Amino acid sequence: MDAQPLVRMEKISKHFPGVLALDNVDFEVYPGEILGFMGENGAGKSTLVKILSGVYSKDQGTIWWQGKPVEIHSPHEAQDVGITTIYQELALVPHLSVAENIFLNREPRRISQIGLVDFGKQERMAEQIMADLGLKLPGNRLVKQLTVAAQQMVEIAKAISRNANLILMDEPTSALSSREVSALFDLMRRLKEKGVSVVFISHRLEEILTVVDRIIVMRDGRRVGTLQREEATQASIIRMMVGREVGLFPKQEAKIGEPVLEVRGLAGNNGVKDVSLTVRKGEIVGLAGLIGAGRTEVARLVCGADHLTSGTLLIDGKEVKIDNPRDAVSSGIGWVPEDRKQHGLVLGMTVKENITLAILRRISNMLGAVGAADERDISNNFIKALSISTPGMDQTVRNLSGGNQQKVVLAKWLAARPKLLIMDEPTRGIDVGAKAEVHALMSRLAQDGIGILMISSEMPEIMGMSDRVFVMCQGRVTGEFERGHLDQEEIMTCATKFLALDAVVEPAADDRPTPRYI
Amino acid sequence: MKTSAVTTQPRVGPGGTVRGWFKHTEVVLFLVIVLLMVLGGIANPRFLGIENLKIMTRDIAILGIASVGVGFVILTGGIDLSVGSIIGLGGVMSAYFMMKWGLPIWLSIILTLGLGFLIGLYHGTFVTKLHMHGFLITLVTMGLARGAILVITNAFPITGLPYGFNAIGQGYLFNLIPIPVLICIGVGGVSYYLLRYSYIGRQIYAAGGNSEAARFSGVNVDARVSLTYIISVMCASTVGIIQAARMSLGHPGAGEGYELLAITACILGGVSFMGGEGGVPGMLIGAILIGTLQNEMVMVNINPYWHKIVISLVLLAAVTFDYVRRQRRT
């Protein structure tokens, strides 16, 4: 393509604390093009899209719009330029009509001075815009009565009515049925005919190939390749997404013993369907998959945070009933959660108090008094053993770095002497040095005979640390691999093994947990 | 790093430096109380006289008991608005049991406290099982209890309480220390032990600081939260009994507006409205300050209509301080 790009981003870099999210990335979209934007979780796709739509600011680099340099500081400025983003969480007002949403804040006025809205004209204009896009929706229908797919269409119509030239879509198909996906693709093609460009992030390889003109692949914050549609196959995309050196985090040899956790036919109302897996003493079992594949949900079922609808759990070969997290803790299960600030730590408490939180009863005397000496000894031991860097055990956990906070969570569970440790993204958001320490520690724990179930979205971590890997997609286990037979491309293939879409449509929006009002 | 560790740790013993001392809410409040005493003594010498001190310490003790009770709930991030109505109900019910049912003093007290236990349990159940905010369910009780008082008493005080009962509110130890002060020391002492040294207290702090993390660590968060609501209502019932004994009657209007005083004392004493931070010494010092302030306003002849405004402004200042401190941290 030799035409001038609609938008060109040059040498874009973006740092987050401890992470280089984007490293000198070039990116371009041509007019009237449907661009597929691919990569693993954390490859930097969403970050780049958010810079383009003004949500994040870039550290370095230039953005050219139709050949002219532009600065985009906010989503509002992006819209003024002609860039609109359709997010996974839709940004419509549910209690207003389709037409009211499309013309929100730009309503056609009857008598402009008094500000009366001309509702009839507004509805006709809205229906006209949608008709141009091949949509038949009544303009007076309330948005909350529409399906998610139709709401997405309304958002797109709204964008078009604001003269958007570039529409960014971050996983727009994740909640749609296959019929709805093909309707969306039809709409995308019509947008293309009108000269509008679409950037489309998705993990569903099959469907992306049916609609895109070109694919850009990201990995570890870098652009690793571009494929024209003709040359793109699922295999070639996966190879680009995962092709990297492995062996950064070797797990030390550990003696593998009897099964400590056996899960049979586990299913829950959180989307987990018929999951069976085993973790043995001394074994690190990796649970791989894309975000939303249901891995954390499996952990939540095992930990008693969510309720299982069927299936059995066995600890040390004996069936256990886990109704709440207390049962899990007393069965010897420890959970190092993904979001340590929300689920792992009491930030306002001290290092000491957090470390002993799960064993308070054990170190209390008959009058319920917590044994101060025991508490000090235990805390000191773990501060030393895990080399937690803190001014003292009475330091508030809030004041520690991410890596040290993670070690405090670990210390809390180690103090409880668990049989099974579930670690959800154990090294997310901590720096490289601390990462290596956590990995070394995991090896040591395995050598001590603890079974570890490790959920990770980082392929090198999965490849390096796991004795065995289960891959999940859409709440099911879609693959199992032994150490020595681990293959990144095969794992990625299993992780994107989406079933025929219509079969897995969830009862959609109504099934989401209702927000809790205070 | 080091200084912020001190400010965020009101429960840990003060650091060595004088400046470190001033970072503690309790120390600052103590100085304010001393200042109030000196000013009051200058304005009206009778303010520091033994007779007034007896009255004042009794008032403070009564407020202290209610404050410690509601303080438990605030530690978990909740609130108990029913304090005032429960005080009224506690007084009326103990009088009712004695005078209408003719029960002995001890049994009337036990029944009244038992009723408090049940009401607290019902608050706790709504809060933990329905995930209702304590604000709502205790607001309901605030109205219900006051209404029940009116139905039971027909809006007339129940009079003629036995002498032995009245000693609870009017008596002195060694003719010097009011009985309510002894009760307050007892309640405060047990509460201090519970919160400072026992695992139950630690779990209450954890539930208030981060209930999710506490739950996933195996803490029975629902039981701990329910316990705080029970403690709160039982403390308020105790205050109701003391008030009735002090007035020698079960008054249907007793305790009106008392929740404002008790909550103010807690927030003033450094109990964070977000939960997880604060302690019994702070709650009690907050109560001492409010009690001193109230007494002083009487002794220096400030128009009583202004009292509530002054107390509310103190609450505003304390809450503002709490929020500002929190914002600076994030």
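Every number in this text was worked out from the coordinates using simple rules, so none of it is lab data. Quick caveat, the model's predicted, so the values are computed rather than measured. Glycine gets a Cβ as well: all are built from the backbone with ideal geometry, and neighbour counts include every protein chain shown.
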Subject >> Protection-proxy order for peptides A:325-336, B:225-236, A:70-81, each taking the mean of Cβ atoms within 10 Å per residue, highest first >> reply: B:225-236, A:325-336, A:70-81
Original post:
When you count, for each residue, the other Cβ atoms within 10 Å and take the mean per peptide, how do A:463-475, A:21-33, B:162-174 rank with the highest first?
Top reply: A:463-475, A:21-33, B:162-174
Subject >> Directionally averaged projected area (convex hull, Cα atoms, the protein assembly as shown), nm² >> reply: 43.7 nm²
Original post:
Per-residue HN-Hα couplings for segment A:367-373, Karplus 6.51 cos²θ - 1.76 cosθ + 1.60 at θ = phi - 60°, whole Hz, x for Gly and Pro?
Top reply: 8, x, 7, 6, x, 5, 5
**OP:** Using a cut-off of under 17 Å, list every residue of segment B:166-192 whose amide N is near the label point 7 Å from the Cα of B:Trp106 along the Cα-to-beta-carbon line.
**Re:** B:166-168
Original post:
For peptide A:362-369, how many partner chain Cβ atoms fall within 10 Å of a residue's Cβ, on average?
Top reply: 4
Subject >> Distance between segment B:190-230 and segment B:45-86 - C-alpha centres, whole angstrom >> reply: 23 Å
**OP:** Treat the count of other C-beta atoms within 10 Å as a stand-in for reagent exposure and order A:Arg141, A:Arg340 from fewest to most.
**Re:** A:Arg141, A:Arg340
Original post:
Percent relative contact order of chain A, based on C-alpha pairs within less than 8 angstrom and at least six residues apart?
Top reply: 16 percent
Original post:
Residues of A:300-310, mean number of Cβ from any other protein chain within 10 Å of their own Cβ, rounded to a whole number?
Top reply: 1
Original post:
Where in segment A:298-342 does the amide nitrogen come within less than 15 Å of the point 7 Å from the Cα of B:Ala223, taken along Cα to Cβ?
Top reply: A:323-331
Subject >> Within the protein assembly as shown, helix-based [θ] at 222 nm, where runs of 4 or more DSSP H residues each add -39,500 (n - 2.57), nearest 500 >> reply: -15000 deg cm²/dmol
Original post:
With each label point set 7 Å from Cα along the Cα-Cβ vector, what nm distance links A:Arg141 and B:Tyr305?
Top reply: 6.2 nm
Original post:
How far is it, in nm, from the label point at A:Glu77 to the one at A:Ala436 when both lie 7 Å from their Cα along the line to the Cβ?
Top reply: 4.0 nm
Original post:
What order, most packed first, do the peptides B:175-182, A:129-136 have when packing is the mean number of other Cβ atoms within 10 Å of each residue?
Top reply: B:175-182, A:129-136
**OP:** Would you work out if chain B is rounded, prolate or oblate? Take a ≥ b ≥ c from the square roots of the eigenvalues of the alpha-carbon gyration tensor; rounded if a/c is under 1.5, else prolate when a/b is larger than b/c, oblate otherwise.
**Re:** oblate
Original post:
Considering lysine pairs in segment A:7-242 that are 8 or more places apart or on different chains, how many have Cα atoms under 19 Å apart?
Top reply: 18
**OP:** Show which lysines lie in cross-link reach of A:Lys255 when reach means a straight Cα distance below 20 angstrom and same-chain residues fewer than eight apart are skipped.
**Re:** A:Lys281, A:Lys419
Original post:
What ranking do A:Arg179, B:Arg215 get, fewest neighbouring Cβ atoms within 10 angstrom at the top?
Top reply: A:Arg179, B:Arg215
Subject >> Shielding score for B:127-138, defined as the mean number of other chain Cβ atoms within 10 Å >> reply: 1
Original post:
lysines within cross-link reach of B:Lys129: Cα-Cα under 29 Å, excluding same-chain residues under 8 positions apart?
Top reply: A:Lys273, A:Lys321, A:Lys341, A:Lys412
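Given +1 on the Cβ of Lys and Arg, -1 on the Cβ of Asp and Glu, and no further charges, what dipole in debye does the protein assembly as shown carry about its Cα centre, rounded to the nearest 20?
About 2040 debye.
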